[in-house]
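Since the structure comes first, as structure tokens, the remarks are kept for the end.
Each value in this text was obtained by applying a stated rule to the coordinates, not by laboratory testing. These numbers come from a predicted model, not from an experiment. All Cβ positions, even for glycine, are placed from backbone atoms using ideal geometry, and neighbour counts span all protein chains on display.
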Amino acid sequence: MQGGRVTGTRLTSAEFDALRSVLSNDDVWLSVGKLDANGNVVIKFRPNERGKAELHLPTNATSYEKLHELGHFEHWKSLGKNYNEWIKLSQVDRERWVLDWMRSNHWNSISSAERKNAIEQLLHALREVGEL
């Protein structure tokens, strides 16, 4: 996830456990609290060529952050968990898919700040490639 984090309802340990269980059925490993080389929290969905994936969330993840990353998971599943198809997609394509998925399935259940953040994810990706 790019940009700033949005305040919202934090996931409980029971919710992390339930998510871990659901994801494991699809060969997705849930990583909680991973930091990058600069000490920044990692919030990301990352599939691999073996048909498996990792979903990274912070220890204080919100329901919205979970939902956003699950959107990437659903996108990957819609591609048949095909890594080669996934890597062909630009970040813009991935963020656009997640935004469309959220708008179609979850828009009324997220706050206006969360909606704004979902749109900003796509705008950030567009700016990164000079399309905005």
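See the values below:
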quantity: Hits in the stretch 88-106 (condition: under 15 Å from residue 119 (Cβ atoms) and among the hydrophobic types (A, V, I, L, M, F, W, C)); calculated: 92, 97, 98, 99, 101, 102
quantity: Scope the stretch 59-77; condition closer than 18 Å to residue 41 by Cβ and in a helix (DSSP H, G or I); matching residues; calculated: 63, 64, 65, 66, 67, 68, 69, 70, 72
quantity: Yes/no for residue 98 being farther than 14 Å from residue 65 by Cα, part of a helix (DSSP H, G or I) and under 14 Å from the mean Cα position of the chain (by Cα); calculated: no
quantity: Count of the stretch 78-87 residues which are among the small types (Gly, Ala, Ser) and either within 27 Å of residue 113 (Cβ to Cβ) or part of a helix (DSSP H, G or I) (or both); calculated: 1
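Results for (1) loosely packed, with under 14 Cβ neighbours inside 10 Å; (2) free of Cβ contacts under 8 Å to residues at least 24 places away in the same chain; (3) not β-branched (Val, Ile, Thr), shown as yes or no for each residue.
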site	(1), (2), (3)
69	no, no, yes
83	no, no, yes
96	no, no, yes
102	no, no, yes
110	no, no, no
115	no, yes, yes
126	no, no, yes
